[in-house]
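Structure first, then comments.
The values are calculated or read from the model by the stated rules, or taken from the named source; none is laboratory data. Nothing here was measured: the structure is a model prediction, and the numbers come from that model. Cβ coordinates were reconstructed from backbone atoms using ideal geometry, including for glycine residues, and neighbour counts include every protein chain displayed.
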Amino acid sequence: MTSSLPDTVGITAETTAESAPDVSALKRTESPLGRLRHRPEAGALIGTISVFVFFAIFGGEKFLAAAGAASWLNIAAELGIIAIPVGLLMIAGELDVSVGSVLAGSSMTLAIVSGHWGAPMIVGIVLALGLGLLIGLLNGIIVTRTNVPSLVVTLATMAGVAGLTLGLSRVATGTTSVAISPDPFSKAVFGQLIGGQFEVAIFWWIGIAVLVSVVLQMMPYGNWIFAIGGDKESARATGIPVTKVKIALYMASGFGAALVGVIQTILYNGAQVANGQSFVFNSIIAVVIGGVLLTGGYGSVIGIALGTLTFAIVNQGIYYTGWNSDWASLILGVLILTAVLMNNTFRRLALSYKPRSAKKV
Amino acid sequence: MERTHTRRPHGRRLPRRLLATVGLFTLAASALTACASGKATDDKAGTATASAAAGSDSGAKSNGKVSVYVIGGKADDPFWSAVKRGGEDAAKVVKAGGGSVTFLGPQNYDNLGPDAAKLTLTALSQNPSAIVVPDWVPDSQDAAIKQAVAKGVKVFVYNSGGVEAARRTGGLKYIGSDDYEAGKAGGVKFAESGAKNILCVNTVPGAANSEARCKGIADGAKSKGATSKQLPLPSSNFGNPSAVTQAIKGALLKDSSVDALVTIGVQDADSAASAIEQAKAGDKVKLGTFDLSTSQLNRIKAGKQLFAIDQQPYLQGFYAVSIANQYLSYGVIPPQNPLLTGPLLVTSDNVAAAIAGTAAGVR
């Protein structure tokens, strides 16, 4: 954890010549726990730990065993691959609700090209992922060229892509559900169950999370995304290529959705037109639980990953408690509200870190 | 690795309004999802997988000859193509007698009830001697069906709606399966195969036909001394086979007394099969499902699945058209009402015939 932005911001924005030494002294004396309190993902971390402890108590040893862990890790991994780029978009102040349709479209593309038409797997996979990038590009161009809110734009592509997928699937295959028998190599890369339990998607998720964290940390891109989400006009004025960044982010979310489509198709040896829509709101839920502001400018990859884990634990934990799962959605609703309220508190703490400490002195 | 961005002191862009919009769209989207679930229910029941235009078979008008209009789904839908295949085979007899059979279907099922009602009126405008129609959405369709009955057209309700729909609208008979009876047959089969504790995985809880299927399973099991409870999966898992698989796996791990699983549709059955494997419960937990697909038949053949409940769509088309023709031509009609076309349990005993039937396009 190198540069913690709040420190720098606090010093540059708030400290005057005489208060600066006091601030650094304060910083040194604060315990690690106290500092954690001011991290943006503190709320998300507490959320994850609480739901884990909750279901560990009520779900018992089965929940804690490898198979139980696989349950929520698998769900978290697939959701996380989509939630990370969606979260970045939300940090940049935009939404993408077309991911569900992109997932269905890419999985049908793969199943039709490599399953129904019998082309080599790699061709289908490349086309499926390319479709995700293409729809992302389209979303990005429309959002940046017009002043239509991204919610409306991606809502339109959501419907459009869903219709296109259904229509083309019917024309190409006559059905809405296409089977595929993946070769061992693509099975190993995308759709293997390690130890009969853990999806390889978990590694994809970790890989993407690390990669995106590095980009956010080491490259100007990271700052640009936050700056755009904070204030697009100022960002543009300072020379940030707002349009390019946004298009790239949309392509990333399209790619993430397409990747999950490929993973599910290979894992389940087939694709269905109706799949994927559950990812639209589940990804937004995970991102919001992870502490990202719906209005943009605030959030972190670790927070998004924690939010995804929290969602997955709640989503699956209930089946280990033996309770009537009719209540699962209610628990999820309560959780979202609690998480958002808690995140608000921690965000206030994080953003008021230096000023408040400085004033005390 | 983390970063924050300080909020500007004033003028955040569209905060409240955006939130409100998102809220609105969330509502709209959940409504959409609800529709989608409803659609899937029908899909699972194999009832409403209808779409696309009239597969018109012959345009011959009724000039004293038998003229039957059949409303169903699109021919490239596997379920409805089997229904139509049965109807076409029965139509050969009708045509030999100089009559005609015409097949109609809606463009899609986004607006199934009203579309089916309009199709009924379209058929009625051709002065048919009989109409064969599924009562998918009684609230939307009943008025049109009653109108046909009032004009003296003989109406046969098939596939959906049950005998109540036939009685309510003045139809002569209901020809089709019964979700509750189908469930009972499955429950009995499970119990007879030694299952004691059956879990009915319901991915569309609250929908009439999936609830009827699970209730049938429970009652069938009870009559043979076994028990069954429902595992309702929330709609936030809809269309995500991983979530369904992991949820079923969790339920199996939690309750090790579960020794049988039944799903309300074939995609869920594929998820359940994977869940059983991941829970390493293959030798203990038996699997059954409603409806047929190639993967179900292959698993039954390989001994990995106990049964699939077939509502025999071919028979629905064949009987409906035959009975309409026989009644109009000779006044003969079987007394059973409803005339059930299912359930037939496909098990390892008869799976070979089912696979042959699939290849022939009638199963």
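Assorted remarks:
- Residues located in segment A:298-316, provided they are crowded, with 24+ Cβ neighbours inside 10 Å, facing chain B (nearest Cβ under 8 Å) and part of a helix (DSSP H, G or I): A:V301, A:G303, A:N315, A:Q316
- Number of positions in segment A:195-211 that are over 25 Å from A:S300 (Cβ atoms) and among the aromatic types (F, W, Y): 1
- Selected residue (criterion: nearest to the chain's Cα centre (by Cα)) from residues of segment A:139-164 that are among the β-branched types (V, I, T) and closer than 18 Å to A:V245 by Cβ: A:T154
- Residue match in segment B:176-198 (condition: part of a loop (DSSP other than H, G, I, E, B), without any contact (Cβ under 8 Å) to a residue 60 or more places away in the chain and crowded, with 19+ Cβ neighbours inside 10 Å): no
- A:L127 without any contact (Cβ under 8 Å) to a residue 24 or more places away in the chain and either crowded, with 22+ Cβ neighbours inside 10 Å or more than 30 Å from A:R347 (Cβ to Cβ) (or both): yes
- Condition check for A:I240: touching a helix residue (DSSP H, G or I) at 6+ places or on another chain (Cβ under 7 Å), of a type in the set (A, V, I, L, M) and either more than 12 Å from every other protein chain (Cβ to nearest Cβ) or not in a helix (DSSP H, G or I) (or both): yes
- Among the residues examined, A:V143 does not qualify as among the hydrophobic types (A, V, I, L, M, F, W, C), out of contact with any Gly (no Cβ under 9 Å at 6 or more places or on another chain) and surrounded by fewer than 16 Cβ atoms within 10 Å (Cβ to Cβ).
- Sole residue being at pLDDT below 95, in the same structural domain as B:G72 (by TED's automatic domain parsing) and either under 22 Å from the mean Cα position of the chain (by Cα) or under 30 Å from A:V99 (Cβ atoms) (or both), chosen from B:E164, B:E211: B:E164
- Considering A:T338, A:T265, A:T295, the condition of being within 11 Å of chain B (Cβ to nearest Cβ) and over 29 Å from A:L164 (Cβ atoms) is satisfied by A:T295 alone.
- Selection within segment A:186-237 - outside any helix (DSSP H, G or I), modelled with pLDDT under 90 and more than 8 Å from chain B (Cβ to nearest Cβ): A:G191, A:Q192, A:I194, A:G195, A:M219
- Condition met for A:L335 (touching a residue at least 12 places away in the same chain (Cβ under 8 Å), in a helix (DSSP H, G or I) and aliphatic (A, V, I, L, M)): yes
- In the condition set (1) of a type in the set (D, E, K, R); (2) within 25 Å of A:R39 (Cβ to Cβ); (3) facing chain B (nearest Cβ under 9 Å), A:R348 is compliant with all but (3).
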